[in-house]
1. Residues that are over 27 Å from the mean Cα position of the chain (by Cα) and open to solvent by 70 Å² or more (accessible area, probe 1.4 Å): does the stretch 88-105 have at least one?
2. Which number in (1) part of a strand (DSSP E or B); (2) in contact with a helix residue (DSSP H, G or I) (Cβ under 7 Å, 6 or more places away or on another chain) marks the one condition that Ser262 misses?
3. Outside any strand (DSSP E or B), touching a strand residue (DSSP E or B) at 6+ places or on another chain (Cβ under 6 Å), under 21 Å from Glu46 (Cβ atoms) and modelled with pLDDT under 80 - does that describe any residue in the stretch 408-419?
4. What are the residues in the stretch 636-694 that are part of a helix (DSSP H, G or I), open to solvent by less than 30 Å² (accessible area, probe 1.4 Å) and more than 25 Å from Leu596 (Cα to Cα), if any?
5. Could you please find all residues in the stretch 70-87 being crowded, with 19+ Cβ neighbours inside 10 Å and of a type in the set (S, T, N, Q)?
6. Among what's in the stretch 126-160 and is of a type in the set (D, E, K, R) and without any contact (Cβ under 8 Å) to a residue 12 or more places away in the chain, pick the residue that is least open to solvent (accessible area, probe 1.4 Å).
7. Out of Val88, Val110, Val102, report the one residue that is at pLDDT 90 or above and under 24 Å from Phe317 (Cβ atoms).
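The values are calculated or read from the model by the stated rules, or taken from the named source; none is laboratory data. Note that the structure is a prediction, hence the values are computed from the model and not measured. Cβ: placed from backbone, ideal geometry, glycine included. Neighbour counts: every protein chain shown. Just so you know, the surface numbers come from the protein's heavy atoms only, side chains and all, with ligands and any DNA or RNA stripped out. Shrake-Rupley method; radii C 1.70, N 1.55, O 1.52, S 1.80 Å.
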Amino acid sequence: MKNKFFLLIVLLICILPVMSCKENAPRGDEFSWSPQNDQMVLNSLESRELLSLQISENSPGEIVVIDSIKPGNMHFHEPLYSKDGEYVLFSKSSDKNYQIFVWSVSQKSVQKLVELKFSNLKKLDQRINPFWSPAQNQVIWVDWLAERKSLNSVDIAGKKNQILFQAPCNRLLPVAVPNRNLISFIVQHHENSSMDGLWSIRSNGTDLQQIYKGDEIQAHQWSPDGCKIALNRQIEVKKKDRDKTYQPSELSIADSTGQIESVIFQNDQGIIDFDWSPDGKKIAIVSGPDSLKNLWIIDCAAKSPVKLTFDNLDRYFGWGNTGEIYYTIKEDNNLPAISPDEVELRDIFNSLYGKKRENRLVKLLDFKPNFIEENIRSFSSHPDLDYSAYYKVYETGLFGSPHYCPIIKSPTGELMIARDEGLHRLVADAMYWAGKYHLALEHLNQAFATDFLAEPTIRHLLPDPNLKMQPDSIQKMVVQEKFIDIPLMKLVLILRKMGKIELANRYMGVYREYLNFQLNNKQTFENKLDESNWQLLSTYTLYRAFSEGIQDMDELLESLPEDSAYISTTCVVQAVLAVENGQSDLGLDKLKKAILMLPANDSDSNDFLIILSLIERRLEPGMSDKFMAIGELAISRLSKNEKISEFYEFLGDRYQKKNQSEKAYAAYQQAAAANPDAHEVWEKLFAVAQENKF
């Protein structure tokens, strides 16, 4: 029974903040649309592939793997179609090198153009992604690693590399000038300060000109017609009452020769991003510190900024083809009326249901916002058609990290692109919720490369009773992984919905055999029995199969060898399912049984308070007295538990809410006696005594 409730607490609490830290998360540069409108390139994060897809309303169409990378610190960056749609430019990085490639759409072949090697991973943060030159079939790239930074042009065969500009400076920041055979670039911190500023050069390396002189330019973008430049400048200002200077950011509009025409925006918090509307009349600006970002729209002629967010901008995705803009706003998970404990418990239940919301996608047209999706990490709208592509975050219950699923949205619906086991399992869930049970089963089959309707699959899943289990043995690992990874109960629920009751019962038999096998090898399997129960809680909750879950677990308990620890955790899971299903009375009965099955003063039950809190917040009205009686029962069973003080404090808080001051006072006294160093308990004790004159 060692660490009996360890898995529950780790999975319910610790996993919540960790979920947002997945290594290969969307960055916003995962999609590219072909100029012919019939294809797109997708960076598939879960399968670590760069894919070419035929655009189709009813299916993904032909999928071609352009390239793939191994798991680890390796990434694809910003795929881009050439103007004629014949080639795709992309780059990829590891902790040792940065490589630039082109892929021929017709030949379906990859050509490496450039490779930069480095020993300091931090240098990768300074990379400048390549882009297509205004000249046909040439790529512009920056060597940012050398002491003398260089702006280069290379042909698609990777043979003709030309240095267009080279200088001893800290950074070169280039962009292509629309509708002109020019490249403009910012030079920062040159050895000769007179060289700092904005420059332009033809794609063949001729006609080098300095457009703007000065070190204050941080970024620039040309208007769609190539006639105006938006300049993000940091101007040094010295205030009279301060010794030090500060640098507010301003966005200026200049003509093509670099002459400043107007300043349209100023902000002390800094400008993070900006871009022109398709008609060149407005500019969207992202400003502020990263944790409190805001989005503005400015009419360039009127110079009138309109603030669209209130310190809650999450991500900005740019303009659509009809003048709309797309962005996400953060979900407010810190409402003042909710205590930290209640926020934690709410997040736990959201995780159980796989519906924790972190943001909402906004489509803004004519200053009218429309909330169209939630939990979006990357978004791209088609430049001509009514299509969009995005990465959506799916919480997958209690187990595992969140999954980032690429979705293509057309006028007829959504297509979820699944290329690996995790996403197939995710899409199986989505198909179950949509009532498409045959498709749900199909995706489970693809996830595990098997046919769950075939007889050999069932026989293969049954554990071998003749295995001699030894600690840390290979057999132990195989059985454990097979048992945890294959979602047998999801399969059972899907088969029941398909009307295949006999087959569903056979898989329930497989599951029962696994439990029996683990109970007979309990010392070897350690906490796996507990983990299997929390897997069931996640599955039944995610699929909203509360009554089925309670009944299935009752049948399992009747058919398996009696084991007090397993019965206790099973009853806890049943209690949660019951209260979620609106059966508070049954839930409390199951919770009472779980407590009675605990060994007296079991030190593994230190976190039982979390379970009590979870259930308490989902109880129907009129259940508080029965709940309090169960709390008192828990104390009687765990009177010598090392955290008994917290149990008494828990009861005292509930008595106080019920205006039962004498019972609250007695509970706080017991809590203080059990832990004299609990200062908060003493404060509560004195407050009750003073209020009631005890």
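1. Looking for residues that are over 27 Å from the mean Cα position of the chain (by Cα) and open to solvent by 70 Å² or more (accessible area, probe 1.4 Å), one finds none in the stretch 88-105, hence no.
2. (2)
3. no
4. Ser661, Ala672, Val681, Leu685, Val688, Ala689
5. Ser82
6. Kept after step one, since they are of a type in the set (D, E, K, R), are these residues of the stretch 126-160: 127, 143, 147-149, 155, 159-160.
Okay, now just the ones that are also without any contact (Cβ under 8 Å) to a residue 12 or more places away in the chain, so 159-160.
On the way: Lys159: 170, Lys160: 151 Å².
In this case the residue turns out to be Lys160.
7. Working: Val110 fails: under 24 Å from Phe317 (Cβ atoms); Val102 fails: under 24 Å from Phe317 (Cβ atoms).
Answer to the check: Val88.
Let's see how each residue does on (1) aliphatic (A, V, I, L, M); (2) surrounded by fewer than 21 Cβ atoms within 10 Å (Cβ to Cβ):
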residue: Glu513; (1), (2): no, yes
residue: Leu519; (1), (2): yes, yes
residue: Gln523; (1), (2): no, yes
residue: Leu537; (1), (2): yes, no
residue: Leu542; (1), (2): yes, no
residue: Ser547; (1), (2): no, yes
residue: Gln551; (1), (2): no, yes
